[in-house]
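The values are calculated or read from the model by the stated rules, or taken from the named source; none is laboratory data. Please read all numbers here as calculations on a predicted model, not as lab measurements. Neighbour counts are summed over all protein chains in view; Cβ atoms, including those assigned to glycine, are modelled from backbone coordinates with ideal geometry. Areas reflect the complete protein model, heavy atoms only, side chains present, ligands, DNA and RNA absent. Shrake-Rupley method; radii C 1.70, N 1.55, O 1.52, S 1.80 Å.
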Amino acid sequence: MAAPMTWRRLVVSVYSPAITGVFTRISDRLFRARDRRGGSSVLLLAPLLAEADPPPRRVPRPAGSTGAQGSGGLCAHFQWMAEHVPAFRVPGNRIHVLTSPDHFYQTMKARIKTARRRVVMASLYLGTGQLEQELVDCMEEALLRSRENADAPDLKVSILLDYTRGSRGFPPETNSRTVLLPLLRRFASQMRVSLYHTPDLRGLLRLLVPQRFNETIGVQHIKVYLFDDSVIISGANLSDSYFTNRQDRYVLLENCGEVADFFSDLVDAVGDVSLQLQPDDSVTMLDGMVHPYNGNRQAFSVAARKRIMEVVNTAHVRQQLLNGSQDSEDDGVSEEGDDTWVFPLVQMKPLGIQIDEQVTQRLLTDAGPDSSVFLTSGYFNLTRPYMRMVLGAGAIYRILTASPEVNGFFGAKGVAGAIPAAYTLIARQFYGQVCRQGQQERVHLHEYHRSQWTFHAKGLWYYLQGQDRPCLTLIGSPNFGYRSVHRDLEAQIAIVTGNEELQGRLQEEQQTLYQRSSEVSVATFERPDRHVKLWVKLVTPLIKNFF
């Protein structure tokens, strides 16, 4: 149990996050002109403590996009996505819902061992325990086989992690980098380790914010695990709890080469603008790339955005041409049973990319009466626009979040230990708005409970009017909160399917999560264990924007 919080400890705990906002304003005035001239000593964040950003451009609504039923109706209902992002048509029977952390872990190990051409892994970090070492051992086994086997001589392994989180360890000398270094030294020609560093952590901010807090400024948060032509999209990191008792979501797209190529290219693009880990544990930038914190902030963002959007736009044009050709031949469904669409959604607002935000807002806005949306997040902290859309929509919403005891920060020391109580306060405030607006029959809030587990699942299931199974799901790394929208690099996919078997598997996944929950009521927040201390109330605005 965390020690009592004195005012002295409170000041020390919140100093690092709070100092961000102060130095932001100072830096904005003092160093903006210098950065325009190409100076790189200091450029801090844009204001972080206010959601003052203008709303993203609304995705236009094509005619005839409501009231869809059946496979053809689904195509028409969600066709607007294909106008703005790549649309990959795949057979629904190639998409598998992985049901548990162990299922996720064992699938990855098996796929790494049998990979012949490529292993691509993007995560926040790689843990340092025995289970993580077994993953590295699987990579070593695959690379050794590649060297010795003429049938698979070209296996490449590419790993993308966040620089700040991947360089922090317990003890300090053990971290993601040190776990990977032996493999990198042995297979330097076949392996790449990229460490993305946010351009917002620079100058005085980078010097002053302690290592424990520096990842709150912004991180590489994409969770993609790719093996040849198959790919797992998830919200789970590469760490032992995610392999054992941390509830998340995971889908395997098997033998979906075009989708795998897209995510391989996306990870390569982010990797190109990241620091490259060297066998001696130093880091360098690729030739011609702008340094993320020593270089010009704007120049880095422009170059990174251009590199990443080249991937998105190239795939978009290619898929438009391919889908147009297929539609002319098969009226929308091929003989292989391509009854499912996969839309990749990328959100990297520090780089000026907000595709996921635009699509999510459109989905929330379009959810009409008699449709149902099941939305889940391990950290319930909807942005103000998302909250307004939920409260103003016509659909029935059931929102699932972590109860305090299954929050990943439960029992942590210092200000981190206040995070579960802060999310309780955020949930209470949201539920208060629901009640004040008389929306209790339409908007329901649930809390996940499971002894000895933590909850990290995120995503959305969309049930159209009159349908008893979801036709759409969102799955990936975003949490629908401030950080996911404004600060981190995120990616997820929208799966739109008319495949009844896949719809059934998605429904089962959703129901299994909600079966371990209880619905929140006014009485929930009146219980003694839900009392939120004054100091937690004071730091909750910081927690909303930094955790």
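What to note about this one:
- Selected residue (criterion: nearest to residue 403 (Cα to Cα)) from residues of region 432-456 that are more than 27 Å from the chain's Cα centre (by Cα) and small (Gly, Ala, Ser): 432
- Among residues of region 400-414, those that are open to solvent by less than 10 Å² (accessible area, probe 1.4 Å) and part of a helix (DSSP H, G or I), counted: 1
- Scanning region 490-546 for residues that are hydrophobic (A, V, I, L, M, F, W, C), touching a strand residue (DSSP E or B) at 6+ places or on another chain (Cβ under 9 Å) and more than 30 Å from residue 262 (Cβ to Cβ) turns up just one, 520.
- Criterion (without any contact (Cβ under 8 Å) to a residue 24 or more places away in the chain, open to solvent by 10 Å² or more (accessible area, probe 1.4 Å) and either over 26 Å from residue 502 (Cα atoms) or over 21 Å from the mean Cα position of the chain (by Cα) (or both)) met by exactly one of 324, 295, 257: 324
- Taking region 268-287 as the range and being buried (at least 23 other Cβ atoms within 10 Å of the Cβ) and outside any strand (DSSP E or B) as the test, the residues that pass are 270, 271, 273, 274.
- Boolean, residue 185 is charged (D, E, K, R), touching a helix residue (DSSP H, G or I) at 6+ places or on another chain (Cβ under 8 Å), in contact (Cβ under 8 Å) with a residue 40 or more places away in the chain and surrounded by fewer than 19 Cβ atoms within 10 Å (Cβ to Cβ): no
- Residues (open to solvent by less than 10 Å² (accessible area, probe 1.4 Å) and either within 26 Å of residue 547 (Cβ to Cβ) or free of Cβ contacts under 8 Å to residues at least 40 places away in the same chain (or both)) located in region 457-469: 457, 458, 459, 460, 461
- Qualifying positions in region 337-363 - closer than 14 Å to residue 312 by Cα and among the charged types (D, E, K, R): 356
- Residue 472, sole failed condition from (1) more than 22 Å from the chain's Cα centre (by Cα); (2) modelled with pLDDT of 95 or more; (3) open to solvent by less than 20 Å² (accessible area, probe 1.4 Å): (1)
- Every residue from region 353-392 that is among the small types (Gly, Ala, Ser) and either open to solvent by less than 10 Å² (accessible area, probe 1.4 Å) or out of contact with any strand residue (DSSP E or B) (no Cβ under 8 Å at 6 or more places or on another chain) (or both): 367, 368, 371, 377, 378, 392
- Which listed residue is part of a strand (DSSP E or B) and not charged (D, E, K, R), from 431, 397, 386: 397
- Checking residue 217 against (1) under 30 Å from residue 505 (Cα atoms); (2) surrounded by 24 or more Cβ atoms within 10 Å (Cβ to Cβ); (3) out of contact with any strand residue (DSSP E or B) (no Cβ under 7 Å at 6 or more places or on another chain); (4) not polar (S, T, N, Q), the condition it does not meet: (1)
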